[in-house]
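Participant: Before I ask anything, here is the structure I am working with.
The values are calculated or read from the model by the stated rules, or taken from the named source; none is laboratory data. Fair warning: this is a prediction, and the values are worked out from it, not measured in the lab. Virtual Cβ from ideal backbone geometry, glycine too; neighbours counted across all protein chains shown. When the accessible area is computed, the model is the full protein with side chains, heavy atoms only, and any ligands, DNA or RNA have been set aside. Shrake-Rupley method; radii C 1.70, N 1.55, O 1.52, S 1.80 Å.
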Amino acid sequence: MMGLTPLELADTFAGGAYALQLMLAPKMFLDMQLVKGANQSAEIMCAYCGIMILARCYCTTLITEENKSKFHGLCALQWGMCLLPSLKYYSAFHPAMHMMNIALQVVFSGAFAMASMKKPKGKKGN
């Protein structure tokens, strides 16, 4: 975890917490987030998604300085794409919890987009 930027640390912490909720307490997570609550199929998908998110969090620790700009661009795209279903299915969510999700998606996608525009340390020109 050493060598990660504050943005990468925040993303990894948020992703790890989110992944653990999805894997270990999918029913509670779905009941808190969605108006219609959980069902078995959704709980299974939450567990799968939690595993994938934890894997992505681990990958964050493997990124080299030369690849950070590309990785940050990918993270901006990832967070931004999460915003699309959040807005499309807005009425399916409990409003208070959902506004927090939307805010995090906007902040992380914007922060990663800005970070992706920085040149890697030691690089000059394009």
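Participant: Looking at the range 70-97 only, could you name the residues that are farther than 26 Å from ALA115 by Cβ and open to solvent by less than 100 Å² (accessible area, probe 1.4 Å)? It would help to see each step written out before you state the result.
Facilitator: Narrowing the range 70-97 to residues farther than 26 Å from ALA115 by Cβ: 88-97.
Answer for the range 70-97, where residues must be farther than 26 Å from ALA115 by Cβ and open to solvent by less than 100 Å² (accessible area, probe 1.4 Å): TYR90, ALA92, PHE93, HIS94, PRO95, ALA96, MET97.
Participant: Scan the range 52-65 and tell me whether some residue there is aromatic (Phe, Trp, Tyr) and out of contact with any Cys (no Cβ under 7 Å at 6 or more places or on another chain).
Facilitator: Within the range 52-65, one or more residues are aromatic (Phe, Trp, Tyr) and out of contact with any Cys (no Cβ under 7 Å at 6 or more places or on another chain).
Participant: Let me ask something else about it. With respect to CYS75, determine if the residue is in contact with a Pro (Cβ under 8 Å, 6 or more places away or on another chain) and modelled with pLDDT of 90 or more.
Facilitator: No; evaluated as a whole, the condition is false for this residue.
Participant: Would you confirm whether any residue within the range 68-82 is free of Cβ contacts under 8 Å to residues at least 60 places away in the same chain and touching a Gly at 6+ places or on another chain (Cβ under 6 Å)?
Facilitator: Looking for residues that are free of Cβ contacts under 8 Å to residues at least 60 places away in the same chain and touching a Gly at 6+ places or on another chain (Cβ under 6 Å), one finds none in the range 68-82, hence no.
Participant: Does ILE51 count as among the β-branched types (Val, Ile, Thr) and without any contact (Cβ under 8 Å) to a residue 24 or more places away in the chain? Even if it seems obvious, please write down each step before you answer.
Facilitator: Working: among the β-branched types (Val, Ile, Thr): yes; without any contact (Cβ under 8 Å) to a residue 24 or more places away in the chain: no.
When the stated conditions are applied, ILE51 does not pass them.
Participant: If you don't mind, there's one more thing I want to ask. Scan the range 97-108 and tell me whether some residue there is within 21 Å of GLY3 (Cβ to Cβ) and either in a helix (DSSP H, G or I) or in contact with a strand residue (DSSP E or B) (Cβ under 8 Å, 6 or more places away or on another chain) (or both). Working first, answer last.
Facilitator: Looking only at the range 97-108, we keep the residues that are within 21 Å of GLY3 (Cβ to Cβ), and these are 108.
Narrowing the set further to residues that are either in a helix (DSSP H, G or I) or in contact with a strand residue (DSSP E or B) (Cβ under 8 Å, 6 or more places away or on another chain) (or both) leaves 108.
Yes.
Participant: Pull up the range 27-69, narrow it to residues that are open to solvent by less than 70 Å² (accessible area, probe 1.4 Å), among the polar types (S, T, N, Q) and not in a helix (DSSP H, G or I), then point me to the one that is nearest to SER91 (Cα to Cα).
Facilitator: Taking the candidates together, the pick is THR61.
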